[in-house]
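Step one of this worksheet: look at the structure below.
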Ligand code: MEV
């Protein structure tokens with residue numbers, strides 16, 4: 001039996017635009033998904049999953065059987081979650097050459113599913129790492145990130161960047177532009193997360209931005225403008241000027257909103273954070289629902305979010321220096 005964990009992540013800047021070759025800067029946060037893997041005698045895949053939202057619930061299904069999951073969450077979310085695990089195991093079979101190996105997989109996650117904190121990337125990275133080690137193969141971090149990216153790419157039907165998977169495999173703050181992925185220095189950032197209890201569907205949100213970008217030059221310009229924010233944000237990160245970082249996050253949120261990926265509850269949380277005196281706030285991840293990230297060294301934003309209608313949970317997030325962790 002082997003066990004690995006991987007952290008969640010927030011985007012300081014650049015989600016969506018990164019899918020079209022612009023740079024993005026996500027950073028890993030100390031909320032983890034832990035995956036335990038045990039080889040089976042047969043070629044079946046069974047996945048038991050807990051705490052896929054901050055509220056916690058249980059999902060149990062047989063990845064290669066017809067069993068229906070017995071849960072009170074949307075089927076599309078379950079389909080997405082199981083899709084990532086199935087895809088991860090396909091990568092494991094390919095990289096180890098053990099085409100017909102089966103596994104019992106147990107997931108325990110503190111990262112809300114589909115909430116923009118990198119739940120799918122964390123589960124995918126931890127699952128590939130634990131399952132390859134179960135077969136006696138330990139992948140280098142870059143190979144692990146690449147295999148996890150291929151999983152996301154397939155599940156998201158060719159519309160995925162390397163940003164989430166590289167970030168959670170590597171840990172810390174990273175910069176991703178196309179296939180150029182690297183770690184960068186980041187100051188200690190006072191990150192506050194607000195979660196509306198919901199989730200967006202990454203695939204359709206990414207497709208929506210893609211369609212808008214194809215149709216209108218000004219939408220394509222908006223995507224490029226997000227790239228400009230990221231390039232400016234990178235140099236501001238080096239100075240550690242929180243006020244300017246916050247301002248850039250605010251503009252980034254505005255542009256994401258213009259591209260149609262914000263929501264009423266995300267906007268409400270962003271405004272609650274700004275009104276409470278945060279340096280800046282934006283949605284994080286694919287959008288459509290889920291989480292915002294704000295910069296505030298005081299307690300004010302967290303408190304304000306807790307009283308904001310539509311916000312289900314607010315918490316401070318520490319930067320996770322370590323990406324994948326090998327636990328057993
Ligand atoms: C989702 O966490 C981030 C997106 O940019 C998609 C991707 O990069 O694959 C929306």
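For residue 258 and residue 1 in one chain, what is 0.36 nm times their gap in residues minus the Cα-Cα distance, to one decimal in nm?
Between residue 258 and residue 1, full extension yields 87.8 nm more.
GNM, the chain, Cα, under 10 Å: largest mean-square fluctuation among 265, 100, 204?
100
Can you tell me which of 243-253, 146-156, 89-99 comes out highest on packing, and rank the rest after it, using the mean Cβ neighbours within 10 Å? It would help to have the intermediate numbers written out before the result.
Details: 243-253: 20.5, 146-156: 23.0, 89-99: 17.1.
Listed from highest to lowest mean packing, they are 146-156, 243-253, 89-99.
Separation between the residue 43 and residue 138 pseudo-spin-labels, each 7 Å from Cα along Cα→Cβ, expressed in nm?
Taking the two extended label points, one gets 3.0 nm.
Quick check: the angle from helix 202-215's long axis to the longest principal axis of the chain, C-alpha only, nearest 10 degrees?
Taking Cα atoms only, the helix is inclined about 50 degrees.
Working from Cα positions, state the angle (0 to 90°, nearest 10) between the long axis of helix 242-258 and the longest principal axis of the chain.
That helix lies at roughly 70 degrees to the long axis.
Rounded, prolate or oblate: pick one for segment 191-317, where a ≥ b ≥ c are the square roots of the eigenvalues of its C-alpha gyration tensor, a/c under 1.5 means rounded, and failing that, prolate if a/b is larger than b/c, else oblate.
Values: a/c = 2.43, a/b = 1.25, b/c = 1.94.
It is oblate, given that a/c is not under 1.5 and a/b is not larger than b/c.
When the label point is put 7 Å from the Cα of residue 239 along its Cα-to-beta-carbon vector, which residues of segment 18-34 have a backbone N closer than 17 Å?
none
Report, in deg cm²/dmol and to the nearest 500, the calculated mean residue ellipticity at 222 nm for the chain, where each DSSP H run with n ≥ 4 adds -39500 (n - 2.57) and the sum is divided by the residue count.
Value at 222 nm, helices only, nearest 500: -13500 deg cm²/dmol.
Quickly rank 312-325, 12-25 as a protection proxy: mean count of other C-beta atoms within 10 Å, highest first.
Taking the mean over residues of other Cβ atoms within 10 Å, the ranking is 12-25, 312-325.
Cut-off 15 Å, label point 7 angstrom out along Cα-to-Cβ of residue 218: give me the residues of segment 229-273 whose amide nitrogen falls inside.
Under 15 Å, as judged by backbone N against the label point of residue 218, lie 255-260 of segment 229-273.
When all C-alpha to C-alpha distances in the chain are sorted into bins of 20 Å, what percent of pairs does each bin hold, rounded to whole numbers?
Calculated P(r), rounded to whole percents: 35, 57, 8.
In whole Å, how far is the Cα centre of segment 102-147 from that of segment 248-298?
28
Bear in mind these aren't lab numbers, they're just calculated from the coordinates by the rules spelled out. Predicted model only: the values in this text are computed from it and were never measured. Reconstructed Cβ throughout: ideal geometry from the backbone, glycine too, with neighbour counts over all protein chains shown.
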